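Reviewing the structure listed below.
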Amino acid sequence: MEKPNVSPNLIRPSLPALFLSFLRLGMTAFGGPAMVAYMRTMAVERKRWLDEETFRDGVALCQTIPGATSMQTSAYVGLRARGIAGAALSFIAFGLPAFCAVTALTALYVHTRNLPAIVSAFGGLRAIIVSIIANAAISFGKSTLKGFKEIVITAIAGILFGLGTNPALVIFLAALLGMLFYRRESFQGSGYCSGTTAPYPGNYLALLMAALTGYILLFCISRPFSHLAALMSKVDLLAFGGGYSSVPLMFHEVVNVNKWIDARTFMDGIVLGQVTPGPIVITATFVGYWLYGLPGSIIGTISVFLPSFLIVVGIVPYYDRIRGSAWFHRTMKGILSSFVGLLVSVTIRFGMNVQWNLFLILLAAAALVALLRKVEIFWVVLAGVLLSIIALHR
């Protein structure tokens, strides 16, 4: 049975409140891992569902296991706040807007091939995305980088991520550097963590059995659907370092191995994923719809997120047992610094993919200033889209 162990200064949200909060956040979930910083603002500062230490430990955990970091963090926050039910609702709510947007745009693309007009209408959104990620890097960096050692780890990780180094190796190196740099520092744990800490074997076992039953039924009903589910699950399980590491593997499996989609069409799917909210791995929705319509988009989406969700929910109770260790916290400080490096490298990567002109430079600068002044991301994105449409039709 789940037993909450919550600080008296924290608030235990209702399940509907948890769902609606992550649904709203999911509507503006641009920039992939950048959204982790906005989850922190919501869950720690504004809503006070979790304390800073518990949230930071969760980010480190989500950074070390495969899958899209922002999606995993939503599940972690929900789990801490309201157990397995909270994890499922937060996870679904955060990913639902991305699924709906990509499915709708893919349907339009498949039936009209009017992608250039769609992308042009939201031309300024890519510049806004760069500002969102840059702001996240600044915000997360302020709370994480406390001295020269953290800056060194961030710089090394950022360079390695930028060079395309295997994310698992970067994270492992950051952990080693954390143990080395902070070996003389002592740590005093807080004595509690906000949210669910006790194991929940019955509930989790039921969740695992439900997932396994779903895979078996899919295999019995349709081999093509089962093949799609297996492939996307494989992509999720091997996506160490976040959603960006999943794209090359998905491209290889979908385009080169199975030859389901040509390279140009797959790249169009990535574009749709970038001009809509959600992690870049939402390209699985595009692939599924292209192959099998709406059922395929549902199967592809669930399969590319379910394995990492099960990992997060299953590992947290055991994670709690070691989070008070000084060596563990030294390791986590290194990993968190590497996450800042990831945000910086993603900012640069997205910036290089924008065809900059004076309007987009001014738009990105204005968006960054607004975000730094704590304007809600929803209004920044909405204003950016409207300005882009006005500028396009001049």
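No lab work stands behind these numbers, since they all come straight from the coordinates. Quick caveat: nothing in here was measured; it's all calculated off a predicted structure. Cβ placement follows ideal geometry from the backbone for every residue including glycine, while neighbour counts extend to all protein chains displayed.
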For the chain, the dipole about the Cα centre with charges only on Cβ (Lys and Arg +1, Asp and Glu -1), to the nearest 20 debye, works out at 520
With no solvent term and unit scatterers on the alpha-carbon positions of segment 260-345, Debye gives log₁₀ I(q)/I(0) at q = 0.22 Å⁻¹ of -1.04
Expressed in angstrom and rounded, the centroid-to-centroid distance over alpha carbons for segment 43-112 and segment 297-335 is 12
Label model pair W356, A211: point-to-point distance (7 angstrom along the Cα→beta-carbon line) in nm is 4.2
Per-residue Cβ contact counts at 10 Å, fewest first, order L237, L18, L61 as L237, L61, L18
Chymotrypsin sites (Phe, Trp or Tyr not before Pro) in segment 289-394 lying in a DSSP loop, each with at most 13 other Cβ atoms within 10 Å of its Cβ, come to W356
Rounded to the nearest 0.05, FRET efficiency between R46 and A230 (Cβ-Cβ, R0 51 Å) equals 0.80
Computed over the Cα atoms of segment 56-186, the Rg and Dmax in Å are 19.0, 63
Expressed as a percent, the portion of alpha-carbon pairs in segment 209-356 spaced more than 21 Å apart is 52
Quick calc, S14 & I221: beta-carbon distance into FRET formula, R0 35 Å, rounding 0.05, result 0.45
Kirkwood calc, segment 328-394, C-alpha pairs only, radius in angstrom 14.2
With -39,500 (n - 2.57) per DSSP H segment of 4 or more residues and division by the full residue count of the chain, the 222 nm estimate, nearest 500 deg cm²/dmol, is -24500 deg cm²/dmol
Cα-based Debye curve of the chain sampled at q = 0.06, 0.12 Å⁻¹ gives log₁₀ I(q)/I(0) of -0.22, -0.93
Of segment 125-169, those with amide N under 17 Å from the point 7 Å along the Cα→Cβ vector of V375 are 125-136
Given Cβ charges of +1 for Lys and Arg and -1 for Asp and Glu, the option among N166, A206, A37 whose Cα lies farthest towards the positive end of the dipole of the chain is A37
The relative contact order of the chain, taking Cα pairs under 8 Å that sit 6 or more residues apart, comes to a percentage of 32
